[in-house]
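*Asks:* Let me give you the structure first, and then I'll get to my questions.
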Amino acid sequence: MVSIDSHAASPLAARMRPRTLDEFVGQDAILGQGRLLRRAIQADQLSSIIFYGPPGTGKTTLAQIIANTTRAHFIAINAVLDGVKEIRAAVASPPGATAQTKQQSKQKTILFVDEVHRFNKAQQDALLPWVENGTVILIGATTENPYFEVNKALVSRSRLFQLKPLTETDLRSIVQQALTDGDRGYGKLNVQIDLDAIDHLVNVANGDARALLNALELAVETTPPNDAGEIHISLSVAEESIQQRAVLYDKEGDVHFDTISAFIKSVRGSDADAALYWLARMVYAGEDPRFLFRRMLILASEDVGLADPQAVVVVNACAMAFDRVGLPEGRYPLAQAALYLATAPKSNSVMGFFDALAAVEQEREAEVPNPLRDAKRDREGFGHGAGYLYPHAYRDHWVAQQYLPNALQGQVFYQPSSQGDELQIQTQVARQREAQLAAMVAGSAIAPPEILTNSPVNRSQDRWLERTISQTATQLATVRDRLFAAAAPQRHHLLLDLNASSGLLVWEAVRQVPEGGVYARVRTPVEAEALQEQAIALAELSRPIVVTSSLIELSTPLPELRFDRILGHNALIAEPNKAEILRSIATLLAADGVLLLGETVPRHTQRLYQLVESDRFPADFYQRWIAAEETIYQNAADPMTNWDAVDLQAAAEQAGLRATVQLEPTQTQMLLTPALLDRWFRPGKDRPSYGDRLAQHLKPSEVAAIEQALTRLASQQVHWRGAIAYLRAEL
């Protein structure tokens, strides 16, 4: 068993390891303000988690921070050094008390396993019972994809957090910390480092904080001070301290497969520059060139094929040339093969073989047509081979005849592309197929079609149609799906729902950002209480954080938060000053954040006069009805109806946002219930009703006549038109 505590004689990287979340640098995507992991650590409410990422990104450091802040008993083991015996000893007999005893006393036990992927299946299985019954909370750290390298049962019981290589800004901050910290770093020494030396260290460290600090330590410790007591780190010293970029490349791990995948996809996509880059990455990391040639030979047939039949010849020749010359000169034929494939016309028509293979697997085994059978053995007895037409005896060395089994006549497996040499093949194959089919029809007896099916009335469909009396829910789901498809949130994102009272977006947000955080804005305490009651079934850390506020003052309760995605459905529909509100919302966006709104535009809503035939009223009366209803949507003082999609885009641009707005017409089936008709003509409370507004222009008897005409449509479905403005805005 090992300890992850540092001491004074430790290397600089160990001494500078952050001790608190505030000292931790980078990984804002999972540890930023408001993120689930940060809140879980601060609240000491961790469940089992696995940290996955390249070396030097902070996996072990996060475990150390958890050890420093948790009230739970903390145990650390290393999968490289420890086995099942040590696991059992750590869990069953920790110092002072057993984990089971601590569980009975309600004190949690956290087990940190560094390099957890190094455990074999049996060792990982040994952990499972204790994790499953809650004896321990597992924190695993791995540089390999846990979905492949960690027991599926452990993965399914843990939250996964992926740590990314540190940015240049993060690495520069770490250098400054090391140079200014007097207790753990070099703050007590007079170290002067040139800017270009820092640039080199940061660049070559390649996102690895440990590699950076090791290089800095070597530079400082091996550079003697001058007469003034100054340790001067120049570019040349930095170059000697870290001469080769730290490259993460395991020939059996994720990076290997991800990089070869990027290379293959770049070649397939005809991007010669990207192909050379990924090829160079692999060669630099020490990949076996023969493996690369094997993959390119496959690609020459799979993705180039008959569009350039010479591709496989060229790649094979380059592979043979490499075997003769070896490295380093062998990199020339390696690059030549990659460039030839990247610039060649592409066709994957050879994939037709797998369609044929599927037909063989799925179809009943068909007999070989008699003309195609071997005539040398059974021609006399069974007539095998009789009727075969020898193609070379015909013009162009081709003749139409049956080659496929009877059951597969007309089946197409090979589909030539229109690329390169295959364009000519495409025309040739198409013509021959046409002739082949014509010959097949001419040589067969045409019988009248046999009716083999008869469909009774679909009563279940009728019942379904009866139940589908209104498509409002379907339309709302469409709006939700459209907004989330455009938002494309990542699991760690921080997301804000601007109008969460209906729950349309907030619960989908909870599902899509489980490692991030969801904030739900509502207008009133009553709405907040209702939303919190709905969330009570969720785990505490998974619940949306409800904020009661007006939109214009929303930044007040959220002063330090910046959201990756802000979504809203009908959040601005009745707001009088949309530009001012959008300006306030913009302050909550992260630098690369996106605002997405779906706003129903009342100006484009269904007109009720269109639901009634015009000949039911005198022409003059019907025209006055039209004029009276249109005034509702032309009222410049009504914030519900005084705007359109262009006004929404203008408001966003006034707020300093880069915005696009798409107006999409909608049409759904609306059931005109008696309750709905009653609301239209009942005197309004907060806003005038439809009947109230008509009464401003028509006589009471005329309003009554309109109500009577619409009442005749009660319990009927009508086509209901409208429009939704979809806004996408960024800083």
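The values are calculated or read from the model by the stated rules, or taken from the named source; none is laboratory data. Keep in mind it's a predicted model, so treat the numbers as computed, not measured. Every residue, glycine as well, gets a Cβ built from its backbone with ideal geometry; the counts of neighbours run over all protein chains shown. Note: accessible area is taken over every heavy atom of the protein model, side chains too, but ligands, DNA and RNA are not part of it. Shrake-Rupley method; radii C 1.70, N 1.55, O 1.52, S 1.80 Å.
*Asks:* Search the stretch 176-202 for residues that are closer than 16 Å to E240 by Cα and free of Cβ contacts under 8 Å to residues at least 12 places away in the same chain and pair each with any residue that is among the aliphatic types (A, V, I, L, M) and open to solvent by less than 70 Å² (accessible area, probe 1.4 Å) when their beta-carbon atoms are under 9 Å apart and the residues are at least 6 apart or on different chains.
*Replies:* Sorted first by the residue in the stretch 176-202, then by its partner, the pairs are D199/L235; D199/A238.
*Asks:* Looking only at the stretch 544-565, count how many residues are under 22 Å from the mean Cα position of the chain (by Cα) and not hydrophobic (A, V, I, L, M, F, W, C). Full working, then the answer.
*Replies:* To start, the set of residues in the stretch 544-565 that are under 22 Å from the mean Cα position of the chain (by Cα) comprises 544, 562-565.
From the residues that got through so far, the ones that are not hydrophobic (A, V, I, L, M, F, W, C) too are 544, 562, 564-565.
Result for the stretch 544-565: 4.
*Asks:* Tell me, which residue of the stretch 183-218 that is out of contact with any Leu (no Cβ under 8 Å at 6 or more places or on another chain) and surrounded by 20 or more Cβ atoms within 10 Å (Cβ to Cβ) is modelled with the highest pLDDT?
*Replies:* Top of the filtered list is I198.
*Asks:* Further question: Quick check on the stretch 34-55: of everything there that is in a loop (DSSP other than H, G, I, E, B) and over 22 Å from R543 (Cβ atoms), which residue is most open to solvent (accessible area, probe 1.4 Å)?
*Replies:* Looking at the filtered set, the residue picked out is P55.
*Asks:* Being in contact (Cβ under 8 Å) with a residue 60 or more places away in the chain and closer than 13 Å to R693 by Cβ is the filter here; which residues of the stretch 621-637 pass it?
*Replies:* Selection gives W625, A627, A628, E629, T631, I632.
*Asks:* Report, by residue number, each residue of the stretch 713-731 that is part of a strand (DSSP E or B) and more than 26 Å from Q649 (Cβ to Cβ).
*Replies:* Keep residues of the stretch 713-731 that are part of a strand (DSSP E or B), which gives 716-730.
Residues satisfying the conditions are Q716, Q717, V718, H719.
Let's see how each residue does on (1) at pLDDT 90 or above; (2) under 35 Å from the mean Cα position of the chain (by Cα); (3) farther than 27 Å from P416 by Cβ:
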site: A262; (1), (2), (3): no, yes, yes
site: V267; (1), (2), (3): no, yes, no
site: D271; (1), (2), (3): no, yes, no
site: A285; (1), (2), (3): no, yes, yes
site: M296; (1), (2), (3): yes, yes, no
site: L299; (1), (2), (3): yes, yes, no
site: P328; (1), (2), (3): no, no, yes
site: P333; (1), (2), (3): yes, no, yes
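*Asks:* Still on this model: Residue by residue through the stretch 647-689, note down the ones that are surrounded by 15 or more Cβ atoms within 10 Å (Cβ to Cβ), touching a residue at least 40 places away in the same chain (Cβ under 8 Å) and not in a strand (DSSP E or B).
*Replies:* Within the stretch 647-689, D647, L648, Q649, A650, A651, A652, A655, L657, W680 qualify.
*Asks:* What residue, of I573, I626, I581, I585, is in contact with a helix residue (DSSP H, G or I) (Cβ under 6 Å, 6 or more places away or on another chain) and among the aliphatic types (A, V, I, L, M)?
*Replies:* Going through I573, I626, I581, I585 in turn, the sole match is I626.
*Asks:* Which of the residues belonging to the stretch 111-136 are surrounded by 22 or more Cβ atoms within 10 Å (Cβ to Cβ) and either acidic (D, E) or not in a helix (DSSP H, G or I) (or both)?
*Replies:* Within the stretch 111-136, L111, F112, V113, D114, F119, V136 qualify.
*Asks:* Report yes if some residue within the stretch 335-356 is farther than 30 Å from C318 by Cα, modelled with pLDDT of 75 or more and open to solvent by less than 70 Å² (accessible area, probe 1.4 Å); otherwise report no.
*Replies:* The answer is yes, given that some residue of the stretch 335-356 is farther than 30 Å from C318 by Cα, modelled with pLDDT of 75 or more and open to solvent by less than 70 Å² (accessible area, probe 1.4 Å).
*Asks:* If you take the residues in the stretch 56-89 that are assigned to a loop (DSSP other than H, G, I, E, B) and open to solvent by 50 Å² or more (accessible area, probe 1.4 Å), which one is modelled with the highest pLDDT? Show your work before the answer.
*Replies:* Within the stretch 56-89, the subset assigned to a loop (DSSP other than H, G, I, E, B) is 56-58, 70-72, 79-83.
Going one step further and asking which of them are open to solvent by 50 Å² or more (accessible area, probe 1.4 Å), we end up with 71, 80-81.
Working: R71: 82, V80: 70, L81: 71.
Here the residue is R71.
*Asks:* Something else now. Among the listed residues E527, E553, E533, identify the single one that is surrounded by fewer than 21 Cβ atoms within 10 Å (Cβ to Cβ) and in a loop (DSSP other than H, G, I, E, B).
*Replies:* None of the other options fit; the residue is E553.
*Asks:* With the requirement that a residue be acidic (D, E) and outside any helix (DSSP H, G or I), what does the stretch 585-616 give you?
*Replies:* The answer is D592, E599, E613.
*Asks:* With within 22 Å of the chain's Cα centre (by Cα), modelled with pLDDT under 85 and among the polar types (S, T, N, Q) as the only criterion, which of T474, T478 stands out? I'd like the intermediate steps shown before the answer.
*Replies:* Details: T474 fails: within 22 Å of the chain's Cα centre (by Cα).
The unique qualifying residue is T478.
*Asks:* Determine whether the stretch 139-159 contains at least one residue that is open to solvent by less than 30 Å² (accessible area, probe 1.4 Å) and in contact with a Gly (Cβ under 6 Å, 6 or more places away or on another chain).
*Replies:* Looking through the stretch 139-159, at least one residue is open to solvent by less than 30 Å² (accessible area, probe 1.4 Å) and in contact with a Gly (Cβ under 6 Å, 6 or more places away or on another chain).
*Asks:* Search the stretch 709-731 for residues being over 24 Å from A477 (Cβ atoms) and of a type in the set (D, E, K, R), and hand back the single one that is least open to solvent (accessible area, probe 1.4 Å).
*Replies:* E730
*Asks:* Read through the list (1) part of a helix (DSSP H, G or I); (2) within 20 Å of L676 (Cα to Cα), then give the number of the only condition that M640 fails.
*Replies:* For M640, the failing item is (1).
*Asks:* Next question. Taking the condition of a type outside the set (A, V, I, L, M), in contact with a Ser or Thr (Cβ under 8 Å, 6 or more places away or on another chain) and open to solvent by 40 Å² or more (accessible area, probe 1.4 Å), does Q634 pass? Outline the logic, then answer.
*Replies:* Numbers: of a type outside the set (A, V, I, L, M): yes; in contact with a Ser or Thr (Cβ under 8 Å, 6 or more places away or on another chain): yes; open to solvent by 40 Å² or more (accessible area, probe 1.4 Å): yes.
For Q634, the condition - of a type outside the set (A, V, I, L, M), in contact with a Ser or Thr (Cβ under 8 Å, 6 or more places away or on another chain) and open to solvent by 40 Å² or more (accessible area, probe 1.4 Å) - is met.
*Asks:* Taking the residues in the stretch 286-298 that are open to solvent by less than 30 Å² (accessible area, probe 1.4 Å) and among the aliphatic types (A, V, I, L, M) as candidates, determine which candidate is farthest from G326 (Cα to Cα). Break it down into steps so the answer makes sense when it comes.
*Replies:* To start, the set of residues in the stretch 286-298 that are open to solvent by less than 30 Å² (accessible area, probe 1.4 Å) comprises 287, 289, 292-293, 296.
Cutting the leftovers down to among the aliphatic types (A, V, I, L, M) gives us 292, 296.
Details: L292: 14, M296: 18 Å.
In this case the residue turns out to be M296.
*Asks:* Could I ask something else about it? Starting from the stretch 572-587, keep only residues that are surrounded by fewer than 21 Cβ atoms within 10 Å (Cβ to Cβ), then list their pairs with residues that are assigned to a helix (DSSP H, G or I) whose Cβ atoms are within a distance under 6 Å, requiring at least 6 positions of separation or different chains.
*Replies:* E575/I581; A579/A651; A579/Q654
*Asks:* For residues in the stretch 655-690 being at pLDDT below 90 and of a type in the set (G, A, S), which is nearest to P639 (Cα to Cα)?
*Replies:* Across the stretch 655-690, the extreme among qualifying residues is S689.
*Asks:* Does the stretch 514-523 contain at least one residue that is open to solvent by less than 50 Å² (accessible area, probe 1.4 Å), assigned to a loop (DSSP other than H, G, I, E, B) and of a type in the set (D, E, K, R)?
*Replies:* Yes, that holds for at least one residue.
*Asks:* What is the number of the single condition among (1) touching a Gly at 6+ places or on another chain (Cβ under 8 Å); (2) of a type in the set (G, A, S); (3) surrounded by fewer than 19 Cβ atoms within 10 Å (Cβ to Cβ) that G568 does not meet?
*Replies:* So G568 meets the others, but not (3).
*Asks:* Has the stretch 305-316 got at least one residue that is in a helix (DSSP H, G or I), in contact with a helix residue (DSSP H, G or I) (Cβ under 6 Å, 6 or more places away or on another chain), open to solvent by 30 Å² or more (accessible area, probe 1.4 Å) and at pLDDT below 90?
*Replies:* Yes; the residues of the stretch 305-316 include at least one that is in a helix (DSSP H, G or I), in contact with a helix residue (DSSP H, G or I) (Cβ under 6 Å, 6 or more places away or on another chain), open to solvent by 30 Å² or more (accessible area, probe 1.4 Å) and at pLDDT below 90.
*Asks:* Quick check: is even one residue across the stretch 480-488 more than 18 Å from G593 (Cα to Cα), hydrophobic (A, V, I, L, M, F, W, C) and surrounded by fewer than 20 Cβ atoms within 10 Å (Cβ to Cβ)? Spell out how you get there, then give the answer.
*Replies:* Kept after step one, since they are more than 18 Å from G593 (Cα to Cα), are these residues of the stretch 480-488: 480-481.
Filter once more, keeping what is hydrophobic (A, V, I, L, M, F, W, C): none.
Within the stretch 480-488, none of the residues are more than 18 Å from G593 (Cα to Cα), hydrophobic (A, V, I, L, M, F, W, C) and surrounded by fewer than 20 Cβ atoms within 10 Å (Cβ to Cβ).
*Asks:* So R364 ticks every box in (1) open to solvent by 70 Å² or more (accessible area, probe 1.4 Å); (2) in a helix (DSSP H, G or I); (3) modelled with pLDDT under 85 but one. Which box is left unticked?
*Replies:* (2) is the only condition that R364 fails.
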